[in-house]
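Let me begin by presenting the structure, written as structure tokens, before commenting on it.
The values are calculated or read from the model by the stated rules, or taken from the named source; none is laboratory data. Because the structure is predicted, anything quoted here is derived from the model rather than measured. All Cβ positions, even for glycine, are placed from backbone atoms using ideal geometry, and neighbour counts span all protein chains on display. The accessibility values were calculated without ligands, DNA or RNA, using every heavy atom of the protein model including side chains. Shrake-Rupley method; radii C 1.70, N 1.55, O 1.52, S 1.80 Å.
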Amino acid sequence: MFNASTTLGAQGRNLAIVIVAVALLAGINLVFNDYIIRVISTVFVFMILAVSYNLINGVTGQLSLEPNGFVAVGAYVTAILILSSDSKLDMYEMAAPSPFVLLLHASFLPALLISGLCAAVLAVCLAFPVFRVRGDYLAIVTLGFGFIIKILAINNPQITNGAIGLNDIPQQPHLLFWCGITALLATGMILQLVWSKYGRMMKAIRDDEDAAIAMGVNTFRIKTCAFATSAFFEGIGGGLLASLLTTISPNLFDFMLTFQLLIIIVLGGLGSTTGAILGTIVVVGSGEWLRFLDQPLSMFGYDLGSYPGLRMVVFSLLLLLIMLFAREGLLGKKEVWQVRFRRQRHDVK
């Protein structure tokens, strides 16, 4: 993506990449069926979540287990904003919707922006107690935050419709295009941040926080910046997920969502933004590509029967093999172009 330090030729190349990506997004609807379009849209949403989660966990080195909470905030805010007042009155069964909830309404794109801002503001507020601790204690504190958000969603039916959740959420037309554009923007902005002086300070905190403090780095401000930026894109990703699924409930945002994102960024390589993208394609894409294993199998005309759950067994074995041969993930802390450059330089020698 664009960076002040890149040459004019490199900026032109990046612009060409963006144009080609937009053209591909615009043409996908004409080539693939609805099922494949939905899978690709899901991959794009998880790309947004993965690259943003990697910023705080991989680049800054803070073991945070909170993304399910911020995704839930983004999903509920977007859903409440794009649902009409009549839909809310008909949908809320456990309690009458709050008058404030009935007044809230916005179109899709402003709703996404508001969702991201709500998650970012919440992250800034949480930064004060969260970053008073480090390491395992930080993980425990952020893990608790995710549970709190889920409990609040269940116990406030006048806002979230409780355990039933929100249904019939309007799906934005051409949602694949918006998911792809948002993934492209999120990746570009996070790469810009990683390449900036703030990104270098984040990496310094990851490598040795005490040394970074000794060098004059305001670690609290930098960690808060990474935390809020990560939460902003996680909130937007949650809004896109709500529109994609058209239904949300508190159980959708339990710890398994965080665990899935953690698998993605560790598989791709902690600290690598493009590694997070590659990990998303492998984890989310493979989960769908291997779905045929759950169906009745046949080989050379022989009926092998059906083995429910075989897809997850094969998927787990694939992850195990990858991690055995790539201990630091697929890309480690490098970006994909850095790996290519080093290989080419080695070949020249």
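I want to confirm something. Restricting to the stretch 297-334 and keeping residues that are in a loop (DSSP other than H, G, I, E, B), at pLDDT 75 or above and open to solvent by less than 100 Å² (accessible area, probe 1.4 Å), which single residue is farthest from A204 (Cα to Cα)?
Among residues in the stretch 297-334 that are in a loop (DSSP other than H, G, I, E, B), at pLDDT 75 or above and open to solvent by less than 100 Å² (accessible area, probe 1.4 Å), the one farthest from A204 (Cα to Cα) is L330.
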Taking only pairs six or more apart or across chains, which ones have beta-carbon atoms under 9 Å, a first residue in the stretch 308-334 that is more than 14 Å from G287 (Cβ to Cβ), and a second residue that is among the hydroxyl-bearing types (S, T, Y)? G329/S272; L330/S272; L331/S272; L331/T274; G332/S272; K333/S272; K334/S272; K334/T274
1 or more residues within 13 Å of the chain's Cα centre (by Cα) and under 26 Å from F108 (Cβ atoms): qualifying helices (runs of 4 or more DSSP H) within the stretch 209-284: 219-245, 255-268, 273-280
Given (1) buried (at least 21 other Cβ atoms within 10 Å of the Cβ); (2) at positive phi, identify the lone condition not met by G216. (1)
Can you name the residue in the stretch 139-173 that is under 20 Å from the mean Cα position of the chain (by Cα) and more than 12 Å from G69 (Cβ to Cβ) and is also least open to solvent (accessible area, probe 1.4 Å) among such residues? A139
Counted residues, the stretch 180-190 - those being buried (at least 19 other Cβ atoms within 10 Å of the Cβ) and farther than 17 Å from F46 by Cβ: 0
Among the residues of the stretch 199-213, which ones are surrounded by fewer than 17 Cβ atoms within 10 Å (Cβ to Cβ) and free of Cβ contacts under 8 Å to residues at least 60 places away in the same chain? R200, D208, D210, A211, I213
For I149, are the conditions met, namely being within 16 Å of A75 (Cβ to Cβ) and either in contact with a Ser or Thr (Cβ under 7 Å, 6 or more places away or on another chain) or modelled with pLDDT of 90 or more (or both)? yes
When only residues in the stretch 64-92 that are outside any helix (DSSP H, G or I) and touching a helix residue (DSSP H, G or I) at 6+ places or on another chain (Cβ under 6 Å) count, which is nearest to I169 (Cα to Cα)? E66
Could you list, ordered by first residue, the pairs with Cβ atoms under 6 Å in which the first is in the stretch 68-97 and free of Cβ contacts under 8 Å to residues at least 24 places away in the same chain and the second is acidic (D, E) and open to solvent by 20 Å² or more (accessible area, probe 1.4 Å), at least 6 apart or interchain? none
On the basis of being within 18 Å of G58 (Cβ to Cβ), open to solvent by less than 20 Å² (accessible area, probe 1.4 Å) and at pLDDT 85 or above, does V266 make the cut? no
Suppose the filter is under 24 Å from P157 (Cβ atoms) and at pLDDT 90 or above; does V71 pass it? yes
Among the residues of the stretch 87-138, write down those that are open to solvent by less than 30 Å² (accessible area, probe 1.4 Å), hydrophobic (A, V, I, L, M, F, W, C) and over 22 Å from N161 (Cβ atoms). A120, A123, A127, V130, F131, L138
When the stretch 242-269 is examined, which residues are found to be touching a Pro at 6+ places or on another chain (Cβ under 8 Å) and closer than 30 Å to K334 by Cα? L257, T258, L261
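Return the residues of the stretch 173-188 that are among the hydrophobic types (A, V, I, L, M, F, W, C) and in contact (Cβ under 8 Å) with a residue 12 or more places away in the chain; say none if nothing qualifies.
Residues satisfying the conditions are L175, L176, F177, W178, C179, I181, A183, L184, A186.
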What are the pairs with Cβ atoms under 6 angstrom where one residue, in the stretch 155-169, is touching a residue at least 12 places away in the same chain (Cβ under 8 Å) and among the small types (G, A, S) and the other, located anywhere, is in a loop (DSSP other than H, G, I, E, B) and open to solvent by 70 Å² or more (accessible area, probe 1.4 Å)? Sequence gap at least six, or different chains. G162/M94
In the stretch 63-76, what residues are within 17 Å of P129 (Cα to Cα) and open to solvent by 10 Å² or more (accessible area, probe 1.4 Å)? L63, L65
